[in-house]
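Notes for the one structure printed next.
The values are calculated or read from the model by the stated rules, or taken from the named source; none is laboratory data. The model shown is predicted, which means the values in this text are computed figures rather than measured ones. When we count neighbours, we look across all protein chains shown, and the Cβ atoms used for this are built from the backbone with ideal geometry, even at glycine. Areas reflect the complete protein model, heavy atoms only, side chains present, ligands, DNA and RNA absent. Shrake-Rupley method; radii C 1.70, N 1.55, O 1.52, S 1.80 Å.
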Amino acid sequence: MDARQVQVDEKGEASVARDVEYGVHHISPDKDAAAALVGEHAHAIDPVLEARVVRKIDLFLIPAMLVGYGLVYYDKAGSATLLGLSKDLALSVTDNSTRPPTVDTTRLSWATSIFYFGMLAGLYPMTFALQRFNLGRILGGVVIVWGAVCMSTAGVTNFRGLYAQRFFLGFVESIIPTGFMCIISGWYTQKDQAIRQAWWFSGTGWFTIIGSGISYGFGEISSGSLKRWQYLYLLAGSLTIIFGMWCFAVPNSPVSAWFLSPEQRIVAVERLRKGQTGVRCQTIKGSQIREAFFDVKVWLIALMMCSAYTINGAVSGFGPLIVSTFGWTPLDSILLQFPLGGITTIFILVCGYLSARIPNIRIILLVLCCLPVIAGMAMIWKSTWSYHAAAPVVGYSIIGFFGPVVSLIITVGMANVAGATKKSVMAGTIFVAYCVGNIIGPQLIKSKTKAQHYPALWTGLIICYCITIASSITLYFVLKRENTRRDALQLSEEDRDRHAFDDLTDKQNPYFRYAL
């Protein structure tokens, strides 16, 4: 290791890390920032020191990211519909001219879908801003705006105002999922990514439980100058602003990680060499964008995410409302979100752990987790919706397996691309598909078919999960075939080390291996 790699300045930071951060001179802007820190040749790493470095990175990133994504999920607040939001903003319209009277929830469906139109509009601008500029400043500033927009929900007085507010909320929130995916892919090896992606995504399950408990508490409020649902959004926005303050402390990459010593930064970067996925390059490359556009696996991942996440649009916006249809009170319906959240959390983490321990099992687990989702939807649809019916509640709980399905799609997608710009495109594409699925889901709920148990909803969702399974199997064989072809090549280990941080894409780099 040469002297410039370990020279320390007055502030105790590695000079090379400082220079890379401000783009001074050690490295071409077209290369990965890591190249200046560790050079072209591999260096031995002390396993004890490596474990200590990974632990420090985990403690800094993972708990905060879990909370951050939990807040993304929490401020959808499907429970708010049972706390008076739907009635106060006229999101449900009762037609008393029919016998019995019918309830039209079209406005509620659009209030759910419009959020994702906003997220769709923000995804690619936010993704490329994160790559091009200082990550912490962009992330922190936008998250604080997100918190303010969330709090503004309490001031909405009609459904039209809610539509506008939800669009802008989606726009600013779009920075979180893509940002988190790129952070994990730039700080961890392919093997490590599975459980770390699972941890932050498990915020959906944790905050289904935590959020339902908080909503239940707000549901007990019987006095005060605000509506019960207004308190919910004021709390969510306040917590988001606090999270935004943490975001300002996030470094651009391990190269400039202020919470690691100079020696630890070198270890944090060097350990990523073998995976050939790179760390961070702030130059946006058109060639990588074009490659991603014509890459079949990008399209397969997008199809998998879109079809798998249609269920979330229905569950997050309508879940408590659907459960109340089974003869439970609004507050009981909120509490019955606990089993769904528990299953989501536990199996996201179990699948992440197994993926990190057992090679080439990710897509197999993904397909297996689709099966209980399909079974749960069939149980809800075909069981009797009597007073306090148990069967549809059980079915509703086990559709929580959609959480590990989506977590594994994210893991498979982000672990199987290299090149900073291409990773940004993949992250954006995954969540464009996420948005499309969430837009479609609420539109499948036709309130007039409630007596028939919403057949269009369950038929549509079951078809979507069959598409997810078929796409996953196709992707498995595409990746396996390419790995087999690359394994047959006669390649130099020295060249592997030299090109690890050249910001090559997975297609350009013959040393890259796809994770199944």
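Some points to look at:
- Dipole magnitude of segment 46-280 about its Cα centre (Cβ charges: Lys, Arg +1; Asp, Glu -1), debye to nearest 20: 280 debye
- Dipole axis of segment 46-280 (+1 Lys, Arg; -1 Asp, Glu on Cβ), positive-most option in 170, 209, 136: 136
- Among 485, 166, the order of accessible area from largest down is 485, 166, computed with a 1.4 Å probe on protein heavy atoms.
- Spin-label pair residue 248-residue 387: with each label point 7 Å from Cα along the Cα-Cβ axis, the two points sit 5.7 nm from one another.
- For residue 58, net neighbour charge (Lys/Arg +1, Asp/Glu -1) across residues whose Cβ lies under 13 Å away: +2
- Expressed as a whole percent, the accessible surface of segment 46-280 that belongs to carbon and sulfur atoms is 66, based on a 1.4 Å probe.
- A simple spin-label model places the labels of residue 132 and residue 62 3.4 nm from each other, with each point 7 Å out along Cα-to-Cβ.
- For segment 146-282, a simple Cβ point-charge model (Lys and Arg +1, Asp and Glu -1, everything else neutral) yields a dipole of about 240 debye relative to the Cα centre.
- Sulfur and carbon atoms: percent of accessible area, segment 386-467 [1.4 Å]: 74 percent
- Note on segment 46-280: dipole from Cβ charges, positive end direction compared against 103, 248, 67; the farthest Cα belongs to 248.
- Note that segment 46-280 presents 36 Å² accessible area per residue, ligands and nucleic acids not counted, probe 1.4 Å.
- Ranking 182, 370 by solvent-accessible area of protein heavy atoms (1.4 Å probe, all protein chains present), from largest to smallest, gives 182, 370.
- Dipole moment magnitude, nearest 20 debye, segment 359-481 about Cα centre, only Lys, Arg, Asp, Glu C-beta charged: 180 debye
- Global form of segment 46-280, assessed from the alpha-carbon gyration tensor, a/c cut-off 1.5: prolate
- Exposure ranking of 285, 191, 507 by accessible area [1.4 Å probe, largest first]: 191, 507, 285
- Considering only 120, 151, 89, the residue lying farthest towards the positive end of the dipole of segment 46-280 is 120, judged by Cα position with unit charges set on Cβ.
- Length added when fully stretched, residue 258-residue 450, from 0.36 nm per residue minus Cα-Cα: 63.6 nm
- Burial order of peptide ranges 250-258, 214-222, 448-456 (average beta-carbon count within 10 Å, highest first): 250-258, 214-222, 448-456
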